[in-house]
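Take a look at the structure set out below.
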Amino acid sequence: MKERTVQVEQLLRQKDEFIAQAGHDLKTPLTPIIALLPHIYKKEQDPELRKLLAMVMSDATGMKHLITDILTLAKLNTPYTTADAEEIVLVDEVEKGILKHTWMAWKKSHSIKNSVGPDIRIWMTKSHIESLFDNLIGNAVRYTPEGGTVTIFSKVAEWMTMISIADTRIGLNPEETIRIFDEFIRQIHPGTSGTPRVWVLPS
């Protein structure tokens with residue numbers, strides 16, 4: 001049993017290393033492509049070609065977001081010890097996550113509310129908490145219909161801190177919630193509007 005556990009852990013490490021390497025290998029050639037396409041678009045006068053270039057830019061940007069998500073996944077799967085953690089003021093990290101998506105929220109006329117308690121502190125690594133809120137708030141802003149509201153709030157219960165993110169998008173079907181933590185799964189079917197997603201963090 002112990003030998004089998006070691007083998008499984010080794011396979012998981014190899015998987016995460018492969019994901020990280022593949023992500024970096026894909027991101028390297030994509031970066032100059034994304035940088036050059038807007039310049040080509042500005043110089044092109046043919047309306048049809050400009051339309052095609054716009055489609056290519058949109059797809060390239062989508063690929064960049066996907067690769068970023070893959071790298072984030074590999075990063076979050078990397079184990080860390082308590083020595084890596086530090087005391088974090090939760091409301092400040094939420095504000096940082098909101099700030100990253102202020103422009104997109106403004107474009108879609110969204111309202112983002114930070115209702116996290118000002119005195120809540122948790123023990124966690126900075127990189128993990130930043131990735132967590134960047135991902136969750138970004139997804140909420142991206143998929144909520146125009147004029148929607150995204151709310152982040154918290155609740156302290158003994159040894160844990162519960163963070164809830166609620167929005168006014170389509171939500172999830174009950175069948176989809178059981179796979180919400182599966183890797184590479186994206187829920188796309190309509191469900192109950194405003195269903196909060198709850199995350200438990202170490203206090």
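Can you give the local net charge around Phe133? Use residues other than it whose beta-carbon is closer than 10 angstrom to its beta-carbon, Lys and Arg +1, Asp and Glu -1.
Value of the local net charge: -2.
So if R0 is 30 Å, what FRET efficiency would Arg13 and Asp59 give, r being the distance between their Cβ atoms, rounded to the nearest 0.05?
0.40
Tell me whether region 9-130 comes out rounded, prolate or oblate; compute the Cα gyration tensor, take square roots of the eigenvalues as a ≥ b ≥ c, and use a/c under 1.5 as the rounded threshold.
Working: a/c = 3.75, a/b = 1.43, b/c = 2.63.
Taking the square roots of the gyration eigenvalues as a ≥ b ≥ c, region 9-130 is oblate.
How would you rank 38-50, 86-98, highest first, on the average number of other Cβ atoms within 10 Å across their residues? Let's see the in-between values first.
Details: 38-50: 10.7, 86-98: 16.8.
Peptide ranking by packing, descending: 86-98, 38-50.
Starting with the highest mean, order 144-152, 19-27 by the number of other Cβ atoms within 10 Å, averaged over the residues of each peptide. Please report the intermediate quantities before stating the final value.
Details: 144-152: 16.9, 19-27: 15.0.
Most protected by this proxy first, the peptides run 144-152, 19-27.
What whole number of Å gives the distance from the Cα centroid of region 23-63 to the Cα centroid of region 149-168?
38
Once you sort the root eigenvalues of the Cα gyration tensor of region 2-76 as a ≥ b ≥ c, which label holds: rounded (a/c under 1.5), prolate (a/b larger than b/c) or oblate (the other case)?
Prolate.
Enumerate the lysines that Lys15 could reach by cross-link, defined here as Cα to Cα under 27 Å, with residues fewer than 8 away along the same chain left out.
Those lysines meeting the cut-off are Lys2, Lys27, Lys64, Lys75, Lys126.
A short reminder: the numbers here are calculations on the coordinates, not readings from a lab. Given the structure is predicted, the values throughout are model-derived calculations rather than measurements. Glycine gets a Cβ as well: all are built from the backbone with ideal geometry, and neighbour counts include every protein chain shown.
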